[in-house]
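Right, one structure below, let's go through it.
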Amino acid sequence: MKAQRIYGTGDMRAEELPAQPVGENCVKIKILKTAVTHSDNLIYEGKRAVKFPLTLGRHCVGMVTEVGESVKNFSRGNKVAVSPIKACRKCSECAAGRFDSCLNKLEYGISEDGFFRDFAVVGAEDLYRLPERIEDSEAMFLEQIATAINIVGKLGLEKGEHIAIVGATVTGIILAQVAIYYQAVPILMDLRRDRLDVASNFGVYYTVDTTESDAYKKIFSLTGGRMAETCVYMAQGIMPLTRTFDFLSNRGRMAICTDGGKELSADLSAAVSKQLDIFGISGMGKNIPSAINMLANKSVKVAPLISKEVKLDEVPAALEEMSQHPDKYVKVIVNMNS
Ligand SMILES: [Zn+2]
């Protein structure tokens with residue numbers, strides 16, 4: 001088995017690993033595509049602590065090549081996506097079906113070997129069948145689409161409501177599309193003009209370049225002075241959290257969905273006086289099947305978010321390039337067949 005493994009900050013090596021045995025409830029897959037994700041960048045740059053050595057790569061699409069003797073619902077040749085989270089299926093969160101919030105969860109590419117390798121053995125319960133009409137590269141966005149669906153659900157976003165999205169991250173751009181699908185009105189803001197242009201091309205018609213315009217004034221004007229019913233705080237670098245409470249109407253709903261990397265603080269006085277509902281959201285909920293559905297129906301478009309495709313042995317160079325130029329690439333796909 002060929003793999004790219006990380007041994008320390010900036011130290012990634014090609015390695016030949018022994019084949020893994022296929023347990024009775026497991027499936028062996030030949031990995032077709034994987035992607036470089038934010039957590040891979042953080043680990044490579046030494047900004048996220050993990051146990052080395054580790055195979056990075058949080059997402060993958062694969063072809064089933066072997067199934068364990070107790071596996072009934074998959075067979076050789078099935079195309080599948082793997083959940084980025086390996087849940088214990090025993091704790092109270094798992095018992096309630098909230099596998100992404102499992103108290104003992106392992107995450108591929110972070111606390112469990114990920115997918116920068118040619119073959120992987122994974123639990124059958126973590127697999128999702130992919131319809132033919134979804135391209136392998138598109139499936140690299142399932143986690144972000146599922147997270148966006150989770151946010152919309154938690155906020156109870158309704159038709160015609162405004163949703164101010166602070167941060168044109170990949171999830172932020174996808175969330176704007178999901179909001180449009182739900183007939184809500186996204187207002188997407190960022191200081192990266194190129195990211196806003198990508199969103200505009202997806203049909204997100206209200207964007208705010210915060211280096212040029214005042215987001216408060218724009219939302220005031222778009223909502224006739226009523227301000228937004230909902231707001232989602234995705235990225236800390238755009239503006240302080242405290243300022244975003246001004247974007248909301250009284251009894252507005254706010255979701256905070258940053259990756260938890262940096263300390264997050266705010267003056268909550270405006271949140272109290274406006275009687276805001278504030279939700280912390282860090283996962284996908286049970287939304288991977290819905291995300292597959294949205295991709296299959298072309299309700300969400302992701303292809304323009306792909307910056308480039310590399311081979312497995314080019315992954316270390318890609319990670320180095322991304323650490324030197326963090327805003328140059330949106331999503332880098334790894335094609336295992338090239
Ligand atoms: Zn669990």
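Below are the figures for this structure:
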{"item": "Residues of the range 91-142 satisfying the condition of being among the acidic types (Asp, Glu) and touching a residue at least 40 places away in the same chain (Cβ under 8 Å)", "result": "ASP100, GLU107, ASP113, ASP118, GLU125, ASP126, GLU132, GLU135, ASP136, GLU138"}
{"item": "Wholly enclosed helices (runs of 4 or more DSSP H) of the range 234-338 bearing at least 2 residues acidic (Asp, Glu) and at pLDDT 95 or above", "result": "315-324"}
{"item": "Matching residues, the range 145-170, being modelled with pLDDT of 95 or more and either under 14 Å from MET294 (Cα atoms) or among the β-branched types (Val, Ile, Thr) (or both)", "result": "ILE145, ALA146, THR147, ALA148, ILE149, ASN150, ILE151, VAL152, ILE163, ILE165, VAL166"}
{"item": "Residue under evaluation GLY153, criteria (1) within 15 Å of the chain's Cα centre (by Cα); (2) assigned to a helix (DSSP H, G or I), criterion not met", "result": "(1)"}
{"item": "Which listed residue is outside any helix (DSSP H, G or I), of a type outside the set (Asp, Glu) and within 22 Å of VAL330 (Cα to Cα), from PHE115, PHE141", "result": "PHE115"}
{"item": "Single match in ALA124, ALA146, ALA139 (criterion: touching a strand residue (DSSP E or B) at 6+ places or on another chain (Cβ under 8 Å), crowded, with 24+ Cβ neighbours inside 10 Å and of a type in the set (Gly, Ala, Ser))", "result": "ALA139"}
{"item": "Filtered residue count, the range 249-286, keeping only those that are among the charged types (D, E, K, R) and within 25 Å of the chain's Cα centre (by Cα)", "result": "6"}
{"item": "From LEU241, LEU248, LEU196, residue being in contact (Cβ under 8 Å) with a residue 60 or more places away in the chain and crowded, with 18+ Cβ neighbours inside 10 Å", "result": "LEU248"}
{"item": "Residues of the range 109-131 that turn out to be out of contact with any helix residue (DSSP H, G or I) (no Cβ under 9 Å at 6 or more places or on another chain) and more than 13 Å from the ligand (Cβ to nearest atom), as a count", "result": "10"}
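Residue by residue, here is whether (1) among the basic types (Lys, Arg); (2) under 27 Å from ASP327 (Cβ atoms) holds:
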residue	(1), (2)
THR147	no, yes
GLU158	no, no
THR169	no, yes
TYR216	no, yes
THR223	no, no
VAL232	no, yes
ARG243	yes, yes
ASP246	no, yes
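Conditions (1) in contact with a helix residue (DSSP H, G or I) (Cβ under 6 Å, 6 or more places away or on another chain); (2) in the same structural domain as ASP327 (by TED's automatic domain parsing); (3) among the hydroxyl-bearing types (Ser, Thr, Tyr), marked per residue:
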site: TYR205; (1), (2), (3): no, no, yes
site: VAL208; (1), (2), (3): yes, no, no
site: GLU212; (1), (2), (3): no, no, no
site: TYR216; (1), (2), (3): yes, no, yes
site: PHE220; (1), (2), (3): no, no, no
site: GLY224; (1), (2), (3): no, no, no
site: MET234; (1), (2), (3): yes, no, no
site: MET239; (1), (2), (3): no, no, no
site: SER249; (1), (2), (3): no, no, yes
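The values are calculated or read from the model by the stated rules, or taken from the named source; none is laboratory data. Values in this document were obtained by computation on a predicted structure and should not be read as measured data. Neighbour counts are summed over all protein chains in view; Cβ atoms, including those assigned to glycine, are modelled from backbone coordinates with ideal geometry.
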